[in-house]
Amino acid sequence: MTSKRIKIGKVGVNSGTLMVIDPCHIKRLFTDRAYAESMRAAYNRKTMGKQVHTDDKKSWLAVSFEAGFGDGLYEVWGTIEEFPFAGHTERRMTKVEIKLIDTTRFKETR
């Protein structure tokens, strides 16, 4: 099994938060209550993010979290691996990473 890390693109942030959501659920998030819940979840310093539910609390819509130091443009990277499947090889995304803070810029100097 081989793996390859690729740059998928960049995501722009204007609210200081990010959300991971299945695109088919975006319409369901357009309620005042769901939006407020997603913002509260993102700015929760204790959990650093949280699950966002539908208004009836029966379904999970997304995960919302604070984005690094706030607004900006963040790189999105994916890891692709190959898997044997039905006599051939399939490539699948196994991991997605968003680099929110370049920690190398904050190395402690003594």
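What follows draws every value from the coordinates through simple rules; no lab data is involved. Remember, predicted model here, so these are calculated numbers, not experimental data. As a convention, Cβ positions derive from the backbone with ideal geometry for all residues, glycine included, and neighbour counts pool all protein chains shown.
Below, the figures for the structure above:
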| read-out | value |
| --- | --- |
| The stretch 66-80, residues that are surrounded by 15 or more Cβ atoms within 10 Å (Cβ to Cβ) and either in contact with a Cys (Cβ under 6 Å, 6 or more places away or on another chain) or more than 20 Å from Ile8 (Cα to Cα) (or both) | Glu66 |
| Looking only at the stretch 1-48, and only at residues there that are of a type in the set (Val, Ile, Thr) and touching an Asp or Glu at 6+ places or on another chain (Cβ under 9 Å), the one that is nearest to Glu81 (Cα to Cα) | Thr2 |
| Elements of type strands (runs of 3 or more DSSP E) in the stretch 1-60, at least 1 residues being exposed (fewer than 10 other Cβ atoms within 10 Å of the Cβ) | 3-13 |
| Every residue from the stretch 81-99 that is in contact (Cβ under 8 Å) with a residue 60 or more places away in the chain, surrounded by 12 or more Cβ atoms within 10 Å (Cβ to Cβ) and under 15 Å from the mean Cα position of the chain (by Cα) | Thr94, Ile98 |
| The stretch 34-48 residues that are in contact (Cβ under 8 Å) with a residue 24 or more places away in the chain, paired with ones that are small (Gly, Ala, Ser) (beta carbon under 6 Å, 6 or more apart) | Ser38/Ser64; Ala41/Ser64; Ala42/Ser64 |
| Neighbours by Cβ (under 8 Å, 6+ apart or cross-chain): first from the stretch 67-80, assigned to a strand (DSSP E or B); second surrounded by 13 or more Cβ atoms within 10 Å (Cβ to Cβ) and among the small types (Gly, Ala, Ser) | Tyr74/Ala67; Tyr74/Gly68 |
